[in-house]
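Structure first, commentary second.
The values are calculated or read from the model by the stated rules, or taken from the named source; none is laboratory data. Just so we're clear, the structure is a prediction, and the values are computed from it rather than from any experiment. Counting neighbours? That spans all protein chains shown, and the Cβs are built from the backbone with ideal geometry, glycine included. Just the protein is used for accessible areas: all its heavy atoms, side chains included, with ligands, DNA and RNA removed. Shrake-Rupley method; radii C 1.70, N 1.55, O 1.52, S 1.80 Å.
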Amino acid sequence: MRIGFRTSPQNTDWRSLEAAWAEAGRHDVFDSGWLNDHLSDPGRGSGGPSFESMTTLAALAHLVPGKTMGQTVLAATFRHPSMLAKEAVTLDHLTGGRYILALGAGWHAWEHDAFGIDLPPVGERFNRYESTMRVLKALFSDEARQAPGVTLDAPPYRLDGAMMEPGPIRPGGPPIWLGGQGPRGLRMAARYADGWNFASNLDGSADGFIVRRDVLLRACEAIGRDPAELTLSAQIIIPGDPTGRRAALARALGFGRDGASHIMLTTPAREGAGGIRRLATEVAAPLRDTFG
């Protein structure tokens, strides 16, 4: 079992966010650190303060030496895949190969409308999402490290002799985790991903995890892929009161028993170091004691 902390960078000031990550760096019970990826507060219909996730992660990474890190999940609609690949490789170098590129199709309509970012209908959105996967894989490949580079037609994107220099530290580039929760997203995870993340804030039930897990395993079987190659993760929002934390621990234990090998525990960044200490002692440590 791998255990991560997750501090969404909304409704907080920088000092509290930095204090939370610095405190997490002192706790060996955490294997990983995570942010989300929003331009505003997704808990509101519109607006709300939020730090940008790629630059924020780069600034915080030095506080959690030795831990893997990423975002659950980046919105594929926010960044051209070639720029995303360059950012991911930069974080790969910055972290010594500990960056995980977790990606979703994008969903928050207000953000897209307000900032002039295209949010196509679901079918087209997933076509672009899959094209993004193809571009990332091409740019992370050995062929992209030297001339003549890689050429790829993945509408609406195209590469023409593109080279990724320097190349990633990790062979094949940063691990890619996908966050799709529906049948097509799960089939994409089986085909392209190194991991899949269950967003329990969207469907918090154990049954929701089990149903999607089984669809994913069948999708792997259909293409002849060993499902053991995939990391199954689940993210859980941890309430601020002791009773809520105990209930969240019970849910985390259930996800672990049902096959999740990486649990992400989300606490508000505005709670700073104190929130992380409570998370470590009341939720993460008992989880570690159970699964090792």
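Condition check for Gly70 on (1) surrounded by fewer than 23 Cβ atoms within 10 Å (Cβ to Cβ); (2) in contact with a Ser or Thr (Cβ under 8 Å, 6 or more places away or on another chain); (3) under 17 Å from His93 (Cβ atoms): one failure, at (1). Which of the residues spanning the stretch 258-275 are hydroxyl-bearing (Ser, Thr, Tyr), part of a loop (DSSP other than H, G, I, E, B) and closer than 14 Å to Ile237 by Cβ? Listed by number, the list holds a single entry, Thr267. How many residues, within the stretch 220-257, are in a helix (DSSP H, G or I), buried (at least 20 other Cβ atoms within 10 Å of the Cβ) and small (Gly, Ala, Ser)? The number of residues fulfilling the criteria is 2. Taking the numbered list (1) within 17 Å of the chain's Cα centre (by Cα); (2) assigned to a helix (DSSP H, G or I) in turn, Gly33 passes all entries but (2). The residues of the stretch 264-283 that are touching a residue at least 24 places away in the same chain (Cβ under 8 Å) and either farther than 20 Å from Pro9 by Cβ or open to solvent by 60 Å² or more (accessible area, probe 1.4 Å) (or both), listed by number, are Arg270, Glu271, Arg277, Arg278, Glu282, Val283. Would a scan of the stretch 143-154 turn up a residue that is β-branched (Val, Ile, Thr), free of Cβ contacts under 8 Å to residues at least 12 places away in the same chain and under 30 Å from Ile237 (Cα atoms)? No: zero hits.
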